[in-house]
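Trainee: The structure's right below; bear with me while I get my questions together.
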Amino acid sequence: MRVFFSEQHRLHFPQGELSGGELITPYERPSRVEYILRRLTERGFSDVEEPLPIDPVALHALCDAGYLRFLETAWDAWIAAGHRGEVIASSYPARRMQTNRPPRDIEGLAGYYALASETAITQGTWEAALSSAACAQSAANHVADGAGSAFALCRPPGHHATADMFGGYCFLNNAALAAERLREGGAARIAILDIDFHHGNGTQDIFYGRGDVFFGSIHGAPEDAFPYYSGFADEIGQGAGEGATLNIPLPPRTGYPVWSEALETLLGGIHRFSADALIVSLGVDAFEEDPISFFKLKSDDFKDAGRRIGKCKLPTVFCLEGGYAIEAIGINTVNVLEGFLETS
Ligand code: OKP
Ligand code: ZN
């Protein structure tokens with residue numbers, strides 16, 4: 001399985017994540033990918049390639065133009081306004097306020113394009129986000145060209161990002177870009193399987209009205225887990241997309257017996273959808289030792305999950321999402337890939 005990876009991810013490393021009222025060292029940090037790269041090497045995944053630069057046409061087809069301009073210029077505007085910290089949103093267009101009037105002031109604009117305040121924008125964020133999206137796009141091109149599978153080692157992650165919002169450590173929706181690439185490459189129907197602990201609200205939002213892209217997710221129930229306001233079981237898609245969204249929220253302390261049953265339900269949905277290709281939003285924060293999640297999967301469970309996914313026998317692009325138990329992130333991620341290769 002070819003791995004797509006760019007060193008440019010290092011350009012995004014905020015000093016602060018707003019957590020419990022404090023600015024802490026972000027969970028989503030550059031060393032995450034070092035652990036994954038080391039494990040990939042140990043396990044013989046030696047085909048690691050730099051992605052081609054992002055295709056700007058595809059990026060603009062996916063995202064709001066004002067949002068892209070904001071991401072590109074936010075840091076400079078923030079500094080020019082005299083702010084001394086990192087770009088962190090603090091005001092939001094909340095219930096009954098104006099959601100379609102981007103303010104001129106950069107502090108207001110940050111909240112206009114944000115969905116949460118834990119995620120800071122810094123000097124290199126835009127370049128890093130582009131490189132992450134490029135990994136997903138190149139991986140999808142590789143699979144569209146006939147490879148059975150590919151792994152996009154994306155950092156920063158993408159599944160919380162919508163066409164016009166950042167947050168939850170995400171800026172550009174890597175999985176959505178990969179899905180559109182596979183569509184252009186000839187796959188008529190795409191399934192996105194999101195096994196990250198957190199609900200992939202961004203991916204869901206992007207495809208909510210689409211009948212040609214299935215989105216299925218297992219995640220911590222919104223009552224108890226970020227992103228709190230989406231991922232309920234009754235969110236099933238709308239219009240042409242009705243029935244093409246499948247959410248399985250699960251409660252605190254859920255272990256592999258229940259989790260794997262939910263996975264089988266999603267895989268059944270993907271089978272009935274008759275997808276031609278699969279994207280896996282591969283977060284491994286369902287791990288029992290993850291510091292910001294509450295599922296109880298063990299490292300071996302990730303291999304079994306990979307085996308189950310492989311049985312779909314679909315061309316598959318894996319996009320890295322979350323996973324914050326740093327010492328185990330390599331083992332858990334590569335376990336999914338190895339399980340997949342055993343059965344696919
Ligand atoms: C991103 B991905 C910690 C709360 C963290 C944001 C979580 C983003 C997860 N105090 N809230 O889905 O792994
Ligand atoms: Zn997550």
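Trainee: Would you check which residues across region 147-165 are touching a Pro at 6+ places or on another chain (Cβ under 9 Å) and within 13 Å of ligand 1 (Cβ to nearest atom) and list them?
Mentor: 155, 160
Trainee: While we're on this one: Tell me, which residue of region 141-188 that is aliphatic (A, V, I, L, M) and over 25 Å from residue 29 (Cα atoms) is nearest to the chain's Cα centre (by Cα)? Outline the logic, then answer.
Mentor: Restricting attention to region 141-188, the residues satisfying the condition of being aliphatic (A, V, I, L, M) are 143-144, 147, 150, 152-153, 161, 163, 165, 172, 175-179, 182, 187-188.
The next check asks that each one be over 25 Å from residue 29 (Cα atoms); those that pass are 143-144, 147, 179, 182, 187-188.
Working: 143: 19, 144: 20, 147: 22, 179: 12, 182: 17, 187: 21, 188: 22 Å.
In this case the residue turns out to be 179.
Trainee: Please list, ordered by first then second residue, the pairs with beta carbon atoms under 9 Å, 6 or more apart or interchain, first in region 42-64 and of a type in the set (A, V, I, L, M, F, W, C), second at pLDDT 95 or above and exposed (fewer than 15 other Cβ atoms within 10 Å of the Cβ).
Mentor: From residues that are of a type in the set (A, V, I, L, M, F, W, C), the pairs are 48/41; 58/184.
Conditions (1) more than 29 Å from residue 172 (Cβ to Cβ); (2) of a type in the set (Val, Ile, Thr); (3) surrounded by fewer than 16 Cβ atoms within 10 Å (Cβ to Cβ), marked per residue:
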| residue | (1), (2), (3) |
| --- | --- |
| 264 | yes, no, yes |
| 282 | no, no, no |
| 300 | yes, no, yes |
| 327 | no, no, yes |
| 341 | no, no, yes |
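Trainee: So the check is Cβ under 6 Å with 6+ separation or different chains; which pairs have a first residue in region 175-201 that's within 11 Å of ligand 1 (Cβ to nearest atom) and a second one that's of a type in the set (Asp, Glu)?
Mentor: That search, which allows pairs on different chains as well, returns 196/321; 197/285; 200/194.
Trainee: Could you list, in sequence order, the residues of region 188-214 that are surrounded by fewer than 23 Cβ atoms within 10 Å (Cβ to Cβ) and either among the hydroxyl-bearing types (Ser, Thr, Tyr) or farther than 30 Å from residue 288 by Cβ (or both)?
Mentor: Let us first name the residues in region 188-214 that are surrounded by fewer than 23 Cβ atoms within 10 Å (Cβ to Cβ), namely 188-189, 205, 208-212.
Correct list: 188, 189, 208, 209, 210, 211, 212.
Trainee: Residues of region 92-118 being free of Cβ contacts under 8 Å to residues at least 24 places away in the same chain and over 23 Å from residue 16 (Cα atoms), which ones?
Mentor: Listed by number, the residues that qualify are 93, 94, 95, 96, 97, 98, 99, 100, 101, 103, 104.
Trainee: Let me ask another. So how many residues does region 119-157 have that are within 21 Å of residue 16 (Cβ to Cβ) and within 16 Å of ligand 2 (Cβ to nearest atom)?
Mentor: Restricting attention to region 119-157, the residues satisfying the condition of being within 21 Å of residue 16 (Cβ to Cβ) are 119-129, 132, 155-157.
Narrowing further to those that are within 16 Å of ligand 2 (Cβ to nearest atom): 119, 132, 155-157.
Adding up the residues that qualify gives 5.
Trainee: Further question on the same structure: If I ask for residues that are farther than 14 Å from residue 89 by Cα and surrounded by fewer than 24 Cβ atoms within 10 Å (Cβ to Cβ), which ones from region 163-177 would you list?
Mentor: 163, 164
Trainee: What residue, among those in region 275-304 that are among the small types (Gly, Ala, Ser) and touching a Phe, Trp or Tyr at 6+ places or on another chain (Cβ under 8 Å), is nearest to ligand 2 (Cβ to nearest atom)? It would help to see each step written out before you state the result.
Mentor: As a first pass, look at region 275-304 and keep what is among the small types (Gly, Ala, Ser): 275, 277, 281, 283, 286, 293, 299.
Within this subset, residues satisfying the condition of being touching a Phe, Trp or Tyr at 6+ places or on another chain (Cβ under 8 Å) are 275, 283, 286, 293, 299.
Working: 275: 23, 283: 4, 286: 8, 293: 7, 299: 17 Å.
Across region 275-304, the extreme among qualifying residues is 283.
Trainee: Can you tell me which residue among 72, 17, 34 is surrounded by 12 or more Cβ atoms within 10 Å (Cβ to Cβ) and either at pLDDT below 95 or within 16 Å of ligand 2 (Cβ to nearest atom) (or both)? Can you show your working first?
Mentor: Values: 72 fails: either at pLDDT below 95 or within 16 Å of ligand 2 (Cβ to nearest atom) (or both); 34 fails: either at pLDDT below 95 or within 16 Å of ligand 2 (Cβ to nearest atom) (or both).
Being surrounded by 12 or more Cβ atoms within 10 Å (Cβ to Cβ) and either at pLDDT below 95 or within 16 Å of ligand 2 (Cβ to nearest atom) (or both) holds for just one of 72, 17, 34, which is 17.
Trainee: Scan region 225-239 residue by residue and report those that are surrounded by 12 or more Cβ atoms within 10 Å (Cβ to Cβ) and under 16 Å from residue 116 (Cβ atoms). Step through it out loud before you land on a result.
Mentor: We begin by selecting, within region 225-239, every residue surrounded by 12 or more Cβ atoms within 10 Å (Cβ to Cβ); these are 225-228, 230-232, 235-238.
Within region 225-239, 225, 226, 227, 228, 230, 231 qualify.
Trainee: Among the residues of region 289-335, write down those that are within 16 Å of ligand 1 (Cβ to nearest atom) and of a type in the set (D, E, K, R).
Mentor: 289, 290, 321
Trainee: Test residue 306 against the criterion of being free of Cβ contacts under 8 Å to residues at least 40 places away in the same chain, touching a Gly at 6+ places or on another chain (Cβ under 7 Å) and outside any strand (DSSP E or B), and give yes or no.
Mentor: Working: free of Cβ contacts under 8 Å to residues at least 40 places away in the same chain: yes; touching a Gly at 6+ places or on another chain (Cβ under 7 Å): yes; outside any strand (DSSP E or B): yes.
The answer is yes for residue 306.
Trainee: Hey, can you tell me all the residues within region 16-62 that are part of a loop (DSSP other than H, G, I, E, B) and either of a type in the set (Asp, Glu) or away from ligand 1 (no atom under 16 Å from the Cβ) (or both)?
Mentor: Of region 16-62, the ones part of a loop (DSSP other than H, G, I, E, B) are 16, 20-21, 25-30, 43-47, 50-55.
Scanning region 16-62 gives 28, 43, 44, 45, 46, 47, 50, 51, 52, 53, 54, 55.
Trainee: Being within 20 Å of the chain's Cα centre (by Cα), surrounded by fewer than 19 Cβ atoms within 10 Å (Cβ to Cβ) and away from ligand 2 (no atom under 16 Å from the Cβ) is the requirement here; does residue 42 meet it? Spell out how you get there, then give the answer.
Mentor: Numbers: within 20 Å of the chain's Cα centre (by Cα): no; surrounded by fewer than 19 Cβ atoms within 10 Å (Cβ to Cβ): yes; away from ligand 2 (no atom under 16 Å from the Cβ): yes.
Spelling it out, it is not the case that residue 42 is within 20 Å of the chain's Cα centre (by Cα), surrounded by fewer than 19 Cβ atoms within 10 Å (Cβ to Cβ) and away from ligand 2 (no atom under 16 Å from the Cβ).
Trainee: Could you pull out the residue among 98, 137 that is away from ligand 1 (no atom under 16 Å from the Cβ), in a loop (DSSP other than H, G, I, E, B) and among the polar types (S, T, N, Q)? Before the answer, list the steps.
Mentor: On the way: 137 fails: in a loop (DSSP other than H, G, I, E, B).
After ruling out the rest, the residue left standing is 98.
Trainee: Which residues, taken from region 81-99, are in contact with a strand residue (DSSP E or B) (Cβ under 8 Å, 6 or more places away or on another chain) and loosely packed, with under 11 Cβ neighbours inside 10 Å?
Mentor: If the condition is that a residue be in contact with a strand residue (DSSP E or B) (Cβ under 8 Å, 6 or more places away or on another chain) and loosely packed, with under 11 Cβ neighbours inside 10 Å, then no residue fits.
Trainee: What number goes with the only condition from (1) surrounded by fewer than 15 Cβ atoms within 10 Å (Cβ to Cβ); (2) part of a helix (DSSP H, G or I); (3) touching a helix residue (DSSP H, G or I) at 6+ places or on another chain (Cβ under 7 Å) that residue 78 does not pass?
Mentor: It fails just one condition, (1).
The values are calculated or read from the model by the stated rules, or taken from the named source; none is laboratory data. Everything numeric here is computed off the predicted structure, so don't read it as measured data. Neighbour counts are summed over all protein chains in view; Cβ atoms, including those assigned to glycine, are modelled from backbone coordinates with ideal geometry.
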